[in-house]
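Below is one structure, written out as structure tokens; the observations come after it.
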Amino acid sequence: MDTLVRLLQLLVLILTLPLHLMALLGFWEPLCKTYFPYLMAMLTVNCNRKMDSKKQELFSQIKGLAGASGKVALLELGCGTGANFQFYPRGCRITCLDPNPHFEKFLTKSMAKNRHLEYERFVVAFGEDMKQLASGSMDVVVSTLVLCSVQSPKRVLQEVRRVLRPVPGGSSHSL
């Protein structure tokens, strides 16, 4: 049995050797950044179909979080292709943040399909460092399938707290 496991490990290593070489030579990351958005665009259609009712239920609560302007300043953290846009209520002003600049063309397509939203801007940054966003500038932050893939979930949540508009009478506990 031990020999079989070692043989299978060797087989996996041999099969993945081209990927390791590409990573070593610096080709793998740019390749992934370029083609990952295409993969996500295909997968999110099926995911949204399965999660439709749950997303509608969750995101319908956003309406009640509008700021003084009457509109909701919403930050989508790890926006990807904009798969959540169809579920946001009318009048949301969307700021998108993602470390992969190749998602922007998919966001443009998604915003064209969701005219009930106002597209503010696309920020290329990691969730751990959102210095391009002013403190207290957002009414809502949405993060779907992101915290499992960041370097420091604690740092991301600290940044989320920083960019969220303070709620009158809200808690001041730090994360």
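For the chain, set up a Gaussian network in which alpha carbons nearer than 10 Å are linked by springs, and say which option among ILE62, ILE94, ILE14 fluctuates the most. Looking only at ILE62, ILE94, ILE14, the biggest GNM fluctuation is shown by ILE14. Starting from the Cα of VAL45, step 7 Å along the direction of its Cβ; do the same at CYS148; then give the gap between the two resulting points in nm. In this crude label model, VAL45 to CYS148 measures out at 2.3 nm. Taking amide hydrogens as placed 1.01 Å from N in the peptide plane, the amide H of VAL142 sits under 5 Å from those of LEU75, GLU76, LEU77, each at least 5 positions away in sequence or on another chain.
Taking Cβ atoms as reference points and 15 Å as the exclusive limit, the residues near MET22 contribute a net charge of 0, counting Lys and Arg as +1 and Asp and Glu as -1. Using bins of 10 Å that start at zero, the share of Cα-Cα pairs per bin across region 1-81 amounts to 13, 22, 23, 20, 14, 6, 1, in whole %.
Descending by average beta-carbon neighbour count within 10 Å, the peptides 127-140, 16-29 line up as 127-140, 16-29, the highest first.
Note on VAL12 and ARG121: the model spin-label points, each 7 Å out from Cα along the C-beta direction, lie 4.4 nm apart. No disulfide-compatible partner, judged by a Cβ distance under 4.7 Å, exists for the following cysteines of the chain: CYS32, CYS47, CYS92, CYS148. 3J(HN,Hα) along region 158-166: 5, 5, 4, 4, 5, 7, 6, 5, x Hz, from the Karplus curve 6.51 cos²θ - 1.76 cosθ + 1.60 with θ = phi - 60°, whole Hz, x for Gly and Pro.
What the phi angles of region 98-104 give under the Karplus curve with 6.51, -1.76 and 1.60, with θ = phi - 60°, is a coupling list of 7, x, 9, x, 6, 7, 4 Hz, glycine and proline written as x. Hull volume per residue, based on the alpha-carbon atoms of the chain and their convex hull, is 171 Å³.
What number comes out for the charge environment of SER135, summing +1 per Lys or Arg and -1 per Asp or Glu over other residues with Cβ under 14 Å away? That works out to +1. Accessible surface computed residue by residue for the chain, with neighbouring protein chains in place and a 1.4 Å probe, gives 65 Å² per residue. Per-residue accessible area (protein heavy atoms, 1.4 Å probe) orders LYS50, LYS63 as LYS50, LYS63, starting from the largest.
Counting only Cβ charges, +1 for Lys and Arg and -1 for Asp and Glu, the dipole size of region 11-163 around its Cα centre is about 400 debye.
Across the accessible surface of region 11-163, with the other protein chains kept in place and a 1.4 Å probe, carbon and sulfur atoms take up 62 percent.
The values are calculated or read from the model by the stated rules, or taken from the named source; none is laboratory data. The structure presented is a predicted model; accordingly, all values stated were derived computationally and were not measured. With ideal geometry, Cβ positions are generated from the backbone for all residues, glycine too; neighbour counts draw on all protein chains shown. Accessible surface is based on the protein model in full, side chains and every heavy atom, while ligands, DNA and RNA are left aside. Shrake-Rupley method; radii C 1.70, N 1.55, O 1.52, S 1.80 Å.
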